[in-house]
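Data block below; observations after.
The values are calculated or read from the model by the stated rules, or taken from the named source; none is laboratory data. Remember, it's a predicted structure, so these values are computed and weren't measured experimentally. Cβ placement follows ideal geometry from the backbone for every residue including glycine, while neighbour counts extend to all protein chains displayed. Each accessible area value is taken on the protein alone, full model and side chains, heavy atoms only, with ligands, DNA and RNA left out. Shrake-Rupley method; radii C 1.70, N 1.55, O 1.52, S 1.80 Å.
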Amino acid sequence: MTNAYPNLLRRYLGAAIDWIVVLLVVVSIGQLPFLSRDTHGFGEILFFLVFLNYEPVLTRFVCTAGQAVMRFRVREMTSGSPPPIWRLYVRIIVKASLGLISFLTLPARADRRAIHDLAANTLVVEASRMK
């Protein structure tokens, strides 16, 4: 019987895949011909907007690329359904603020919840274990 919760390596790889996707999206948008190259700060604003919205929006309605490849999903702790969008924004803000530190609790907990999961009352589960 497989564990219901993905391990630290798979969670980290999922996050790394998502970083790559965010960067590719930002670079692709930046290459659009109608965007001015002289716009100072546009790249930073674009990166921030894509980064801030990518994970919460996709996690709420489907899953991110990293979650799909690593075969896990983020769910609400109590109901097992996709979390409300506001919790996912709390989750990404804590995750971005703490960086790798946020994953420190993962190996020590039976449910493998990271600090950002605890803050947002979410749980990461194997996609194969979902209803």
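Considering only segment 96-112, how many residues are touching a residue at least 24 places away in the same chain (Cβ under 8 Å) and among the charged types (D, E, K, R)?
Summing the residues that are touching a residue at least 24 places away in the same chain (Cβ under 8 Å) and among the charged types (D, E, K, R) in segment 96-112 gives 2.
Any residue at all in segment 72-86 that's of a type outside the set (F, W, Y), touching a residue at least 40 places away in the same chain (Cβ under 8 Å) and in contact with a Gly (Cβ under 9 Å, 6 or more places away or on another chain)?
Residues of segment 72-86 that are of a type outside the set (F, W, Y), as a first pass: 73-85.
From the residues that got through so far, the ones that are touching a residue at least 40 places away in the same chain (Cβ under 8 Å) too are 73-78, 80.
Still in the list and also in contact with a Gly (Cβ under 9 Å, 6 or more places away or on another chain): none.
No; the residues of segment 72-86 include none that is of a type outside the set (F, W, Y), touching a residue at least 40 places away in the same chain (Cβ under 8 Å) and in contact with a Gly (Cβ under 9 Å, 6 or more places away or on another chain).
Which of the residues that make up segment 112-131 are in a helix (DSSP H, G or I) and more than 17 Å from L9 (Cα to Cα)?
Those that are in a helix (DSSP H, G or I) and more than 17 Å from L9 (Cα to Cα): L118, A119, A120, S128, R129.
Each row is one residue, and each column tells you yes or no for (1) of a type in the set (V, I, T); (2) at negative phi; (3) touching a helix residue (DSSP H, G or I) at 6+ places or on another chain (Cβ under 9 Å).
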| site | (1), (2), (3) |
| --- | --- |
| P6 | no, yes, yes |
| V26 | yes, yes, yes |
| L32 | no, yes, no |
| G43 | no, yes, yes |
| F51 | no, yes, yes |
| E55 | no, yes, yes |
| V62 | yes, yes, yes |
| G66 | no, yes, yes |
| M77 | no, yes, yes |
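Kindly check whether there is at least one residue in segment 7-25 that is open to solvent by less than 70 Å² (accessible area, probe 1.4 Å) and not in a helix (DSSP H, G or I).
yes
Could you check, for segment 76-84, whether at least one of its residues is hydroxyl-bearing (S, T, Y) and within 22 Å of S28 (Cα to Cα)?
Checked against the condition, which is being hydroxyl-bearing (S, T, Y) and within 22 Å of S28 (Cα to Cα), segment 76-84 yields no hits at all.
Are there helices (runs of 4 or more DSSP H) fully within segment 31-111 with at least 2 residues that are surrounded by 15 or more Cβ atoms within 10 Å (Cβ to Cβ) and of a type in the set (F, W, Y)? List them. Show your work before the answer.
On the way: elements: 42-61, 65-70, 85-98.
Fully inside segment 31-111 and qualifying: 42-61.
Does segment 81-88 contain any residue that is over 10 Å from the mean Cα position of the chain (by Cα) and of a type in the set (K, R)?
There is at least one residue in segment 81-88 that is over 10 Å from the mean Cα position of the chain (by Cα) and of a type in the set (K, R).
Anything in segment 112-121 that is farther than 11 Å from P56 by Cβ and open to solvent by less than 30 Å² (accessible area, probe 1.4 Å)? List them, or say none.
Listed by number, the residues that qualify are R113, A114, H116, D117.
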